[in-house]
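Rule-based calculations on the coordinates, nothing more; no lab input. Note that this is a predicted model, so its numbers are computed, not measured. Reconstructed Cβ throughout: ideal geometry from the backbone, glycine too, with neighbour counts over all protein chains shown.
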There are 2 protein chains.
Amino acid sequence: MDVTRKNFTECLKSLQKVVKDASFLSIDGEFTGLDSPQLGQISPYDYPDERYQKIRTGSSDFLLIQFGLCAFRFIEDKQRYEVKSYNFYIFPRPYSRHAPDHRFLCQSSSLEFLASHGFDFNKVIREGISYLTPTQEASLRETLEKQHHTTMQFSSPLFTSPDGVNPVSSKGPVAIPDEQKDFVDSILRKISEFLEKNDGETLDLPVCTGFQRKLIYQSVRQKFKTGIHLQTKNGENKDRFIVCTRVSSEDHMKQKEAQKLEIEQLELEEAVGFTKVIRILSESCKLIIGHNMLLDLAHILHQFYYPLPPTYEDFKSMTRCAFPRLLDTKLMASTHPFKDKIFTTALGDLVKVLQGEPFKMPNVDISEGYTKYSVNSDQHHEAGFDAFITGMCFASMANYLGSFQQPPLATVQATSSLIEPFLNKVFLMRSPDIPYMDLAGVDLHPKRDHVFHITFPKEWKATDLYQLFSPFGNINISWVDDTSAVVSLYKKENASAVLKSLCQEGAAYTVTSFEKFKMADFSGEN
Amino acid sequence: MDVTRKNFTECLKSLQKVVKDASFLSIDGEFTGLDSPQLGQISPYDYPDERYQKIRTGSSDFLLIQFGLCAFRFIEDKQRYEVKSYNFYIFPRPYSRHAPDHRFLCQSSSLEFLASHGFDFNKVIREGISYLTPTQEASLRETLEKQHHTTMQFSSPLFTSPDGVNPVSSKGPVAIPDEQKDFVDSILRKISEFLEKNDGETLDLPVCTGFQRKLIYQSVRQKFKTGIHLQTKNGENKDRFIVCTRVSSEDHMKQKEAQKLEIEQLELEEAVGFTKVIRILSESCKLIIGHNMLLDLAHILHQFYYPLPPTYEDFKSMTRCAFPRLLDTKLMASTHPFKDKIFTTALGDLVKVLQGEPFKMPNVDISEGYTKYSVNSDQHHEAGFDAFITGMCFASMANYLGSFQQPPLATVQATSSLIEPFLNKVFLMRSPDIPYMDLAGVDLHPKRDHVFHITFPKEWKATDLYQLFSPFGNINISWVDDTSAVVSLYKKENASAVLKSLCQEGAAYTVTSFEKFKMADFSGEN
Ligand SMILES: Nc1nc2c(ncn2[C@@H]2O[C@H](COP(=O)(O)OP(=O)(O)O)[C@@H](O)[C@H]2O)c(=O)[nH]1
Ligand SMILES: Nc1nc2c(ncn2[C@@H]2O[C@H](COP(=O)(O)OP(=O)(O)O)[C@@H](O)[C@H]2O)c(=O)[nH]1
């Protein structure tokens, strides 16, 4: 089901229950870009905390613009999952003049990639659901309440008497400057006529400055006491003007002010928008499945929860707090007992492998009114579809774990202890020796004696590196920039030979052991 | 005429002549955003050089995605303009793996604004014309030529003999490591079979590493000398593999390499894309008209010419060099003899005013095949339409200047000395006392004795400022942030009274003369 701002409110009504009833949830996000080379180019030998920092500085300025959510509910009687998929379009439309006007990054290749998969950018910008972070919401709420308070003070009869002056700001009525007197008089005359004639409920005053509005507020209050209510509205081009409304009593007036506040609070509530979906997911404490989900997680937290914190440890605890049970199918697929049977873990390949022996896809029924996604259709990179496929892959792999049990289990549920080993470990991309970030524990810290940092002349190509290292067998090169790279030996036992013959001064290149290079890097030499 | 990558090459063919024949050109751009408050919030009392710096840091990361160009050609016989409008969609699609992958900023409110005027984002991302700056083009050209040089070296028979070794890199053939011998042998066997069988023109070798490719190149060369040509191609997922082609002679081989270089150079030529339009405009030295064109200019130069330079003076000379004759209709409309007759200079209002007495729109014929824009249609914020309207407004105002001549002139041409006073002055927005940037001269530097900088508690509102200054008459407030503002007096003669009574220590606010504040600001106190 595509969800835009047109059907979001409707959808939200049932979502809470759908999530509550789910056995597990799968998610996926699409972004306006992935990384900024200057701010955080990921590198294969990043430690998890370094990788986090690169994502925080290099990725978090991009925007999540589509969010896929798929609720899988296991029906015992039928031994089948009932599936409901949502494909949310998200866009930070400023909903009022106080609301934040986002600046965000895009990456050409990412937009082109999405476009080539049929992504509808017009839909996201025209119909995307808006959102606010809790911090933004609180600040807007405060602004609203302050405004209300000010209006109440201005419209209070006490305001005109010296006793009514707010002691904190020590402000009373302003003396009307000479050059404003004619203007104010003309307005008061207009209002008198309006009140006498008694036709029409409201009167729009002409656009004027903030100071003139203040003068109008206080003069009207002094002259008419009751019977009239004033409210500032926005015209075109951000012009502001006052609307006068006939009111029968002081109470009627207060009531109108209260109504106005209520409407504005409702509007704010609506502006919180998509953030509510994330709150529902978070509060459910359900198992949440993603595929290669680190970037999704980082974006979801940053955009709808709290800004990514400066330390990796705080990121871990923030994630645990928001989503206590996470599982990454890419990590699961690359771990025993799957890794020997699954050679490529890209989502599109994984779903194919898991349809064949010894695996089996779960039986599912797509609920009425939700998109009839199928594992064989080609809607990859639509977030709702990818979330669906991810959930299917998880269920298939989970069930496979049941086949080793005595007696074998046909279905392994999301709450089963069999999936515990995979929980809260998110896949670390392009990392040859640290497969995952452990969000609920201490990260791995493998030995890297066979890894070297090398700098060389700009003219060098991969072949020069292969040639330099050829006495020590095959190597793996990870480029840092065009004059440096990280090289690791397939034959780890040759590490000391490399140190002996290559780590010498005076050559066109410098080879340093990786650990030594990192130490220098951290101590600020770089 | 909408121009996308589908019809760009076609359109470019005739554009050179259209521009050459034009009497004047009008332009307009649409952007992904306008400004970043943190990086450069424009303020009403910016001096032109400050404003330039704010645009450079705060605006240049946004992207120009639609460019309107309108060529007006005056036909003497008919005393009418012949008009050709172009509406270019522009997007920096990375055209090859070496091409830059842009990261750019978007501003929510700007995208929403464009969307509300019917802007088609799918079209721009899917069909936008790509572009390269001269610097990018040169660097890609160099990469291409280097690659070609390397290939020629590898495929040269000399390479296999020690004499053929390039003395600069002092690299000869690599010794084949033991673990690669089987692999290389198997490849050589495959190629032998391919050459013997003589069916099919080409043979794709399996995907392998860069080092293995190097070994293949050199071994094939050693073993077969001639008769075969190798070329590396990209497979899926950036995998690279070698394609072998049968060739009859050494010359045939060189010819194939030359062909490849030629194709790649053509592709690069194509990738230069939209930049060529800007070059044509620049080289034409024609009068170029824009409406409130400072941001357009900055983006055009930054995106298609050279990065905006660090100093304002360099920006001026770069602009003069790229576009020696510019005219801004917003500035023209706010200058004598127009300013007394034209009260609002927003493009949509201006075009209405200029249709009535004492003005008159020029007679125009829209050329066959070009969009039939009309001054009364409502396509505002489509770049092509805005360019058209801007051109119409210019022609109308220019002709009005002719009415003061003896005898009156019905048509004032773009080359007339009557428009000289308006040349190369671009409108400065939100600037109460400096109407324009003078790109060809020294900027105005008005006295600002009646302007004050004030800091105050966060709780203060505009009314508090009006109240504080009320003894000195009406004021104009320009907010800097929520605890400071710039205030100017309508009654300049009260300036010294303000200094006397408000510039005192110990108050909840601090009032400083604007000049003094700027000096402190520049000297780094802020
Ligand atoms: N000197 C040199 N630098 C290279 C070479 N290949 C890649 N690099 C550098 O390494 C960076 C990353 O390259 P790579 O990881 O191969 O490409 P990517 O992962 O497709 O972006 C490039 O931008 C270059 O600066 C090479 O052959 N020679
Ligand atoms: N303290 C205070 N700050 C304000 C007030 N109005 C505006 N500002 C500040 O000035 C900034 C710019 O405001 P303004 O120029 O009126 O709005 P804009 O041009 O529509 O963005 C705001 O973001 C606030 O920080 C006010 O009444 N009191």
## Note on the structure
Within the under-13-Å Cβ sphere about residue A:221, not counting residue A:221, Lys/Arg +1 and Asp/Glu -1 give a net charge of +3
### Query
So which residue of A has the beta-carbon closest to the axis that swings A onto B, and how many whole Å away?
A:121, 2
## Note on the structure
homo-copy label distances at residue B:199 (7 angstrom along Cα-Cβ), nm, one dp, ascending, are 9.7
### Query
Relative contact order for the stretch B:272-366 using alpha-carbon pairs under 8 Å, separation at least 6, rounded to a whole percent?
28 percent
### Summary
FRET efficiency (residue B:38, residue A:241; Cβ distance; R0 41 Å; to 0.05) is 0.80
### Task
Once the label point is placed 7 Å from Cα along Cβ, list for residue A:492 the distances to the corresponding points in the other copies, in nm, shortest first.
8.1
### Message
Can you compute 3J(HN,Hα) from phi for each residue in the stretch A:407-417, using the Karplus curve 6.51 cos²θ - 1.76 cosθ + 1.60 with θ = phi - 60°, rounded to whole Hz and x for Gly and Pro?
### Response
x, x, 9, 6, 10, 9, 7, 5, 8, 5, 5
### Task
Kindly give the distances from residue A:503 to its copy-mates, label point to label point, with each label point 7 Å from Cα along Cα→Cβ, as nm values to one decimal ordered shortest first.
6.7
#### Entry: In the stretch A:266-370, the GluC sites (Glu not before Pro) that fall in loop regions by DSSP, at most 16 other Cβ within 10 Å
A:368
### Summary
Answer in debye to the nearest 20: the dipole magnitude of the protein assembly as shown about its Cα centre, from +1 Lys/Arg and -1 Asp/Glu charges placed on Cβ, is 140 debye
### Query
Along the positive direction of the dipole of the stretch B:357-476 (beta-carbon charges: Lys, Arg +1; Asp, Glu -1; about the Cα centre), which of B:424, B:442, B:364 reaches farthest?
B:442
### Query
Exactly which trypsin sites (Lys or Arg not before Pro) in the stretch B:293-351 are in a DSSP loop and have at most 16 other Cβ atoms within 10 Å?
B:339, B:341
### Query
Which whole-percent values make up P(r) of chain A when all C-alpha to C-alpha distances are grouped in 10 Å steps starting at zero?
3, 15, 20, 18, 15, 12, 8, 6, 3, 1, 0
### Query
Going by how many other Cβ atoms sit within 10 Å of their own, how do A:30, B:112 line up, fewest first?
B:112, A:30
### Message
I need the semi-axes of the equivalent ellipsoid of the protein assembly as shown: take the C-alpha gyration tensor, multiply each eigenvalue by 5, square-root it, list largest first in whole angstrom.
### Response
59, 42, 29
### Using a Förster distance of 22 Å, the FRET efficiency for residue B:379-residue B:346 (Cβ separation, nearest 0.05)
0.90
### Footprinting exposure proxy for A:239, A:35 (fewest neighbouring C-beta atoms within 10 Å first)
A:239, A:35
#### Entry: Between 0 and 90°, nearest 10: helix B:312-322 axis offset from chain B longest Cα axis
70 degrees
### Message
To make sure I understand, if each residue's beta carbon is the centre and we count other beta carbons within 10 Å, what order do A:323, A:388, B:469, B:183 fall in, fewest to most?
### Response
B:183, B:469, A:323, A:388
### Query
What are the residues whose amide H is under 5 Å from the amide H of residue A:81, where those residues sit 5 or more places off or on another chain and H is modelled from the backbone?
A:75, A:363, A:364, A:365
### Message
Exceeding 22 Å between C-alpha atoms, which entries from my cross-link table qualify? They are A:214/B:518; A:146/A:254; B:330/B:352; A:352/A:425; A:458/B:276.
### Response
A:214/B:518; A:352/A:425; A:458/B:276
### Query
What percent do you get for the relative contact order of chain A when only Cα pairs under 8 Å and 6+ apart count?
18 percent
### Query
With the radius of gyration and the Kirkwood radius both derived from the Cα set of the stretch A:205-248, what is their ratio Rg to Rh?
0.99
